[in-house]
Amino acid sequence: MIKHNGNGSTHRVELGRVSAKMGTFAEDFVAPDMGNILGTLIPIPSEVKPLVNVRIYRRHPETNLIIEFDAVADYGDVVLVNETKNTLRPKDIPHFIKTKLTPFRLYFPEYAHHRLYGLFAICG
């Protein structure tokens, strides 16, 4: 919903609220289930809870550019990287591989020898 005020300027109040809500989708819905998703890739004992982090910001060691990862989960030698989207378009997949998965180990050298998997969570 776009709200208009009397002087003709447009305020995107509702769009901003919706956007903020979508921004927490990874924390609210995806992150709690990432351990279960990770468990479909490797056996995880039921009493163990994999490490899951959301909205992670990392600085590139050479360029100093900062990148955001929606959610990252790990257990054993496996790491799962989540990208949350409102709508998944065909171009999003190669873009995710190029911009998030390929450089992932530069931003997370602690995962240099882990098996790396990508995951899309679609909320639209």
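Values in this text are rule-based calculations from the coordinates and carry no lab data. Small disclaimer: the values here were computed from a predicted structure and weren't measured. Here Cβ is always computed from backbone atoms with ideal geometry, including for glycine, and neighbour counts include all displayed protein chains.
Remark on Val78: its backbone amide H falls under 5 Å from those of Arg115, a criterion applied only to residues 5 or more positions apart or on other chains, H modelled at 1.01 Å from N.
Rg ratio for segment 24-122: its Cα radius of gyration over 2.2 N^0.38 Å, N being its residue count, equals 1.06.
Evaluate Rg over Rh across segment 65-109, taking Cα atoms for both radii and Kirkwood's formula for Rh.
Details: Rg = 11.3 Å, Rh = 11.6 Å.
Using Cα coordinates only, the ratio equals 0.97.
In this label model, Glu47 and Glu68 are separated by 3.9 nm, measuring between points 7 Å along each Cα→Cβ vector.
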